[in-house]
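Take a look at the structure below.
Bear in mind these aren't lab numbers, they're just calculated from the coordinates by the rules spelled out. Since the structure is predicted, the reported quantities are computational estimates derived from the model, not experimental observations. For neighbour counting, all protein chains shown are included, and Cβ atoms are generated from backbone atoms with ideal geometry for every residue, glycine included.
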Amino acid sequence: MNLTLDIHIHTVASTHAYSTVSENAAYAAKVGLTHIGMADHGPAMPDGAHFYHFGNIYCLPEIINGVRVLKGAEVNIIDHEGGVDLPRKERERLDFVIASLHRGVLPPATSELNTRAMVKVMEKRAVHILGHPNNASYEVDIQAIVKAAAKTKTIIEINNQSLNPGSIRYEGTKPMEELLRLCKEHSVNILLSSDAHFCTSVGNFSNVLPLVKASGIPEDLIVNTSAEKLFAAINAKKELMT
C-alpha cells in the first residue's frame with residue numbers, strides 16, 4: 001500500500017504544535033510523500049489559529065520543498081447541533097475540512113449528545129472528514145456515526161496519534177479495530193493520518209497501518225493512496241450535498 005498523502009498536520013499556527021509549514025514539507029519530501037495538508041485548529045480552540053490564518057492561507061505557494069501543500073483546517077465542533085468554528089464561506093474556500101470534538105471546546109456529554117454532535121456535523125457540505133471519532137474522552141454510538149458517514153459520504157479519519165499510549169484519546173486498539181470493521185461493512189472511505197504536531201511525525205502511520213491491513217478493508221476505500229482518490233471522495237460529498 002503506497003500512502004502518498006498526509007493531510008492532518010499541524011503547524012506553529014496552533015501553538016501546541018512545533019514545526020513550520022516549510023519544515024513539515026521538507027520532512028514529507030524526505031519520507032516520500034507527494035502531498036501534505038495544513039490542518040490547524042479552528043479559532044475556538046484556546047490556542048487555535050486565528051480566523052485571519054484561514055483567510056490568508058492562499059498566500060502560500062502550492063509547492064513547498066517539492067511537496068504539494070493543501071490548504072485545510074481542523075475545525076472544532078462547538079455544539080451538539082454540529083456547529084463549527086469557521087463559517088461555511090471560509091470552509092468552502094479550503095481544499096479540505098476535518099471536523100473534530102475537543103475537550104477544550106465542547107466538553108464530553110452523554111453518548112446520545114456526543115453522537116448527535118458528530119452526526120450533525122457530517123450533514124454539512126463543507127465538512128469532508130470526521131476527525132478521530134473513537135476518542136476515549138467521548139462515549140459515542142460508533143455504529144450510528146459510521147452509518148451517518150456512509151449516508152453523507154463523509155470520510156472517516158483513522159488517526160495514528162489516537163493509538164499513542166500517551167494520548168488522551170487512547171484506550172487500546174479495540175475501538176479502532178471496531179471502527180475499521182464498521183467502515184468496511186458500510187463501505188465508508190477512510191483517511192489514515194499522522195495528526196503530526198512536529199515535523200518528524202509527518203507520514204507516520206505506524207500505529208494504525210497494521211490494524212488497517214488486518215481489517216481487510218479494500219484499498220479503494222483508503223483515500224490517501226492518491227490525490228485523485230482524495231479529491232474524488234471530497235467531490236462526491238459536495239455533489240451529494242448540493
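Observations
- Distance (nanometres) between label positions extended 7 Å along Cα→Cβ at T242 and E112: 3.8
- Potential lengthening between D79 and E219 on full extension [0.36 nm per residue; Cα-Cα distance subtracted]: 47.0 nm
- Taking every lysine pair in the chain that is 8 or more places apart or spans two chains, those with Cα atoms closer than 15 Å amount to 24.
- Distance-filtered residues of region 4-18 - backbone nitrogen under 17 Å, label point 7 angstrom along F198 Cα→Cβ: 9-18
- In plain terms, the chain from Y18 to N164 could stretch by 50.8 nm, reckoned as 0.36 nm per residue minus the Cα-Cα distance.
- Here the spin labels are modelled as points 7 Å beyond Cα on the Cα-Cβ line, and at K151 and A227 they lie 3.5 nm apart.
- With the simple spin-label model, which puts each label point 7 Å out from Cα in the Cβ direction, the I63 to E178 separation comes to 4.6 nm.
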